[in-house]
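Below is one structure; the comments refer to it alone.
Computed from the coordinates by the stated procedures, all read-outs in this text should not be read as laboratory data. Owing to the predicted nature of the structure, the values given are computational and were not obtained by experimental measurement. With ideal geometry, Cβ positions are generated from the backbone for all residues, glycine too; neighbour counts draw on all protein chains shown.
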Amino acid sequence: MGAMSVRSQSSAPSEKSEDGGPSHALEAVGDHRAGFACFVGRPNAGKSTLTNALVGQKVAITSNRPQTTRHTVRGIVHRPDAQLILVDTPGLHKPRTLLGERLNDVVRTTWAEVDVIGFCLPADQKIGPGDRFIAKELAGIRKTPKVAIVTKTDLVDSKALAEQLIAIDQLGTELGITWAEIVPVSATKGKQVDLLADLLIPLLPEGPALYPEGDLTDEPEQVMVAELIREAALEGVRDELPHSIAVVVEEMLPREDRPADKPLLDIHANVFIERPSQKGIIIGPKGKRLKDVGMKSRKQIEALLGTPVFLDLHVKVAKDWQRDPKQLRRLGF
């Protein structure tokens with residue numbers, strides 16, 4: 001087994017700046033770095049949660065169901081010495097539908113365009129065929145630096161974590177991948193999240209900021225609103241439903257005749273499912289479930305947009321939309 005570089009907080013640079021905080025080598029040189037990093041991994045490996053933790057605000061949809069991310073969501077981490085733009089991709093998987101094939105194409109296109117790739121592997125699950133499938137694809141991308149990120153470390157003890165770190169190092173050796181770093185993190189507990197940013201930034205090219213200060217994502221607001229509604233609709237439904245739900249925001253308009261100090265944004269959105277039998281699951285007895293979805297997502301949307309919202313939700317059937325190219329286009333895929 002080759003030499004393994006695993007980073008934990010204690011091994012971060014220890015120089016102090018004048019104010020007693022850590023001094024980043026980049027600042028001393030006086031240069032600025034900016035570039036794109038993407039997180040890859042099988043579905044539900046913790047990629048979206050990690051993006052949100054690094055940005056410090058919710059920009060990517062998270063769910064305990066696999067394969068919930070469909071759009072490439074960019075989260076932007078601003079530092080005095082750098083700008084790290086995070087590209088969150090769908091989980092790479094063996095596709096069963098046309099939608100699945102398109103999601104995989106999105107992943108591969110993204111890999112070809114970024115400056116650094118973070119391969120997310122959960123600490124609480126042994127390396128499986130899905131991880132190997134992705135690692136083999138990564139091995140074919142020679143030039144881009146690759147960082148192995150061990151996610152969900154709060155779910156295991158130190159012995160299990162050590163075993164996973166060794167297994168990841170061996171996987172790299174076996175496939176000819178040289179990991180630039182191996183970093184254990186817990187996004188939900190905020191452990192080593194800042195350290196991960198510190199280690200990704202030196203791998204970016206030198207250059208000016210690519211986005212204005214204060215921007216957290218370049219996703220259109222309508223797409224983010226649709227994702228928040230979809231996330232609320234996914235909660236607590238049967239296993240087969242996540243892949244069948246799509247949300248399209250038809251319009252977002254400020255309500256007319258409202259005083260300037262009491263604005264209201266009208267949002268009309270459609271929740272699409274594939275079969276009439278799924279309608280009852282989404283709506284629930286006497287419409288209770290849909291009402292809950294509306295309340296939950298409205299709170300999140302108001303926090304995102306910073307304005308009171310009236311949310312009008314309708315459930316519609318788009319028969320077998322995951323397999324129909326015309327329907328996929330209409331739903332934004």
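A few notes on this one:
- Rounded to whole numbers, the Karplus 3J(HN,Hα) couplings from phi for the range 295-307 are 5, 4, 6, 4, 4, 5, 5, 4, 5, 5, 8, x, 8 Hz, using 6.51 cos²θ - 1.76 cosθ + 1.60 with θ = phi - 60°, and x at Gly and Pro.
- When peptides 302-315, 275-288 are ranked by their average number of other Cβ atoms within 10 Å per residue, the highest-first order is 302-315, 275-288.
- Efficiency of FRET between Asp154 and Lys126 - r from beta-carbon atoms, R0 25 angstrom, step 0.05: 0.90
- Net +/- balance of residues flanking Thr178 in space, Cβ distance below 14 Å, scoring K and R +1, D and E -1: 0
- Taking a straight line from the alpha carbon of Lys279, these lysines sit under 24 Å away, with near neighbours fewer than eight places off in the same chain left out: Lys288, Lys291, Lys296, Lys299, Lys316, Lys319, Lys326.
- Loop-located trypsin sites (Lys or Arg not before Pro) in the range 116-148, at most 15 other Cβ atoms within 10 Å (DSSP): Lys126, Arg142, Lys143
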